[in-house]
Every structure is written in C-alpha cells, then in structure tokens.
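Here the structure is laid out as structure tokens; the discussion comes afterwards.
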Amino acid sequence: MAGSSHGHTPAAWTGVTIVIIGFCVAGAFMVMAEPIGFWAGMVIAALGGVVGAAMSAAGLGMPKNAHPVHKVAATTATREPASAEG
C-alpha cells in the first residue's frame, strides 16, 4: 500500500479526517441516546466525502493517469496466458 501512494493527497486526508470526526460525534451522541446529535454526526461524516470529492475535483487529489492501478492493468493485458503442462 505504501508503494502505491494511495491516499497521500490533501483531498484524501481532509475527507477522511472530517469523516472520522463525524463518526466520533455520532458515536458520542449514540451513547448519550440523542438521535438528533447522532444524525448530525452522520451528516458531518457524509460532508467529509463531499469535501474530499470537491477537493479532488479542484486538483488537490491524485491525477487518474498517475494512479498505479492503471499502469498495472496496461502491462498485464499484453502478457501470455498461463498454461498447464500435463
């Protein structure tokens, strides 16, 4: 995972941080049996995804053509299929 640079962008860090804060808020209010606070935490968590996507669209995420998955898929398509010798 470390070699793929997965998630090492400001958009990813910001989005995940907001989502974690939202889940912490929701968890605290769930323990206190306050449904409105729980749902407020869920809204904060959902906003984390929206903020991360917006930041990625604004250019603070990883470019799609630089993602290692796309490079691996291109190289494996040209390989010969494995065959069993009997």
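The values are calculated or read from the model by the stated rules, or taken from the named source; none is laboratory data. From a predicted model like this one, the values you see are computed outputs, not experimental measurements. Methodologically, a virtual Cβ is constructed for each residue, glycine included, from the backbone with ideal geometry; neighbour enumeration extends over all protein chains shown.
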Pairs only if they're at least six apart or on different chains, beta carbon under 7 angstrom, first in segment 1-27 and farther than 20 Å from Asn65 by Cα and part of a helix (DSSP H, G or I), second among the aromatic types (Phe, Trp, Tyr) and modelled with pLDDT of 95 or more; list them, first residue then second.
Ala26/Phe38
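The rows are residues; the columns are (1) at pLDDT 85 or above; (2) of a type in the set (A, V, I, L, M, F, W, C).
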position	(1), (2)
Ala46	yes, yes
Gly49	yes, no
Met55	yes, yes
Glu80	no, no
Filter segment 57-68 for residues that are touching a His at 6+ places or on another chain (Cβ under 9 Å) and either at pLDDT 90 or above or surrounded by 10 or more Cβ atoms within 10 Å (Cβ to Cβ) (or both) and give the result.
Met62, His67, Pro68
